[in-house]
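Worksheet: one structure, shown below.
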Amino acid sequence: MGRITEALKKVSDERIARIQKKPEIQYVVKKMENTGINEHIVSFHDPALPIGEQYKILRTNIQSLKSSNNYKTFLITSSINGEGKTVTSVNLAITMAHDLNNKSILLIDADMRKGKVARYLGFHSHPGLSDILSKDVALDSALVSPGIDNLSILLSGPVPKNPSELLNSRKMQSLMASFKEKFDYILIDSPPVMPLTDACILGPMTDAVILVVQAGRTQRGLVHHTESRLKQAGAKIIGAVMTNVEYHLPQYLYRYVHEYSEYK
């Protein structure tokens, strides 16, 4: 093996090792005391972090859609489980609630099988979406507040026997209509697309779908298949949020960001 071949092989092996290595978290969250909100919810604990700024950019993009197309209901989903859709949903909801225009935000945990919004926000057992759809629980008694102005939460509730059928019911459609009258923005965290039909049921009920994709994990073909399923169901995909991205920040730009964050 020649020297050039050996050098190329070494570079290739090092690159593969970097890709396979689990990326380290590049930020430190200043978790507030006396709160049950998970430290991954940076929009609550430390919104000035660079990752918090990314949620603000996403908020601005969504606000522009409301101005141009009057979009107000958004489904947030992913191809498979564990891509970060719930963390994205909660962070985005809090970021939108922090906007100085005082718009009312509703975050719905529509994953009635494995809902995680309650865990991230520190809620315990409470009536939720499944109770409203399957029982005579009133909407007002099911809505909860995480102590953040302008933000209301509808948890998933106890696991029902027929979550897909409940989501596909006339009661769910009526519920969505009442939400649109009551809130300025509605964000729905749904189950992943590929293993279940729930997201394809909910997608057409919303104005737009945001797809969460985890870098380095979700295969391109799987994403395309997910898009096809949503479009076939009549849902409108407006874009994607990529999570778990590891990137290099040029030194001059890093210095600018650091100095700007220190500016008061």
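The values are calculated or read from the model by the stated rules, or taken from the named source; none is laboratory data. Quantities reported herein were computed from a predicted structural model and do not represent experimental measurements. Every residue, glycine as well, gets a Cβ built from its backbone with ideal geometry; the counts of neighbours run over all protein chains shown.
Within segment 195-243, restricting attention to residues that are part of a loop (DSSP other than H, G, I, E, B) and closer than 22 Å to Ala177 by Cα, which residue is farthest from the chain's Cα centre (by Cα)?
Here is the first cut: in segment 195-243, the residues part of a loop (DSSP other than H, G, I, E, B) are 195-197, 206-207, 215-219, 234-236.
Next, only the ones that are closer than 22 Å to Ala177 by Cα stay: 197, 206-207, 234-236.
On the way: Thr197: 18, Thr206: 15, Asp207: 16, Gly234: 21, Ala235: 17, Lys236: 17 Å.
Here the answer is Gly234.
If the requirement is being part of a helix (DSSP H, G or I), surrounded by fewer than 17 Cβ atoms within 10 Å (Cβ to Cβ), touching a residue at least 24 places away in the same chain (Cβ under 8 Å) and in contact with a Leu (Cβ under 7 Å, 6 or more places away or on another chain), which of these qualifies: Lys180, Lys171? Working first, answer last.
Values: Lys180 fails: in contact with a Leu (Cβ under 7 Å, 6 or more places away or on another chain).
Result of the check over Lys180, Lys171: Lys171.
Counting only residues that are within 10 Å of Asp184 (Cβ to Cβ) and touching a Gly at 6+ places or on another chain (Cβ under 7 Å), how many does segment 72-107 have?
0
If Thr86 satisfies all but one of (1) in a loop (DSSP other than H, G, I, E, B); (2) out of contact with any Leu (no Cβ under 8 Å at 6 or more places or on another chain); (3) at pLDDT 90 or above; (4) not aromatic (Phe, Trp, Tyr), what's the number of the condition it fails?
Here Thr86 clears every test but (1).
Restricting to segment 108-121, name every residue that is more than 17 Å from Gly203 (Cβ to Cβ) and touching a strand residue (DSSP E or B) at 6+ places or on another chain (Cβ under 9 Å).
Gly115, Lys116, Val117, Ala118, Leu121, listed by residue number.
Consider Ala97 against the criteria (1) small (Gly, Ala, Ser); (2) surrounded by 20 or more Cβ atoms within 10 Å (Cβ to Cβ); (3) in contact (Cβ under 8 Å) with a residue 60 or more places away in the chain: it satisfies all of them except one. Which criterion is unmet?
Single failed check for Ala97: (3).
Which one is surrounded by the most Cβ atoms within 10 Å (Cβ to Cβ) among residues in segment 57-93 that are among the hydroxyl-bearing types (Ser, Thr, Tyr) and in contact with an Asp or Glu (Cβ under 7 Å, 6 or more places away or on another chain)? First the steps, then the outcome.
Our first condition is that a residue be among the hydroxyl-bearing types (Ser, Thr, Tyr); within segment 57-93, this holds for 60, 64, 67-68, 71, 73, 77-79, 86, 88-89.
Narrowing further to those that are in contact with an Asp or Glu (Cβ under 7 Å, 6 or more places away or on another chain): 71, 73, 86, 89.
Values: Tyr71: 18, Thr73: 19, Thr86: 25, Ser89: 28.
Applying the filter and picking the extreme gives Ser89.
Which of the residues spanning segment 52-72 are under 15 Å from Ile237 (Cα atoms), in a loop (DSSP other than H, G, I, E, B) and either of a type outside the set (Ser, Thr, Tyr) or touching a Phe, Trp or Tyr at 6+ places or on another chain (Cβ under 6 Å) (or both)?
Hit for segment 52-72 is Lys72, nothing else.
Residues to consider are Asp136, Asp140; find the one that is acidic (Asp, Glu) and assigned to a loop (DSSP other than H, G, I, E, B). Walk me through how you get there before you give the answer.
Working: Asp140 fails: assigned to a loop (DSSP other than H, G, I, E, B).
Being acidic (Asp, Glu) and assigned to a loop (DSSP other than H, G, I, E, B) holds for just one of Asp136, Asp140, which is Asp136.
Determine whether Gly128 is on the phi > 0 side of the Ramachandran plot and buried (at least 20 other Cβ atoms within 10 Å of the Cβ).
Values: on the phi > 0 side of the Ramachandran plot: no; buried (at least 20 other Cβ atoms within 10 Å of the Cβ): yes.
For Gly128, the condition - on the phi > 0 side of the Ramachandran plot and buried (at least 20 other Cβ atoms within 10 Å of the Cβ) - is not met.
Name the residue, out of Arg113, Arg119, that is over 22 Å from Leu49 (Cα atoms) and in a helix (DSSP H, G or I). Spell out the reasoning first.
On the way: Arg113 fails: in a helix (DSSP H, G or I).
One residue alone meets the criteria, Arg119.
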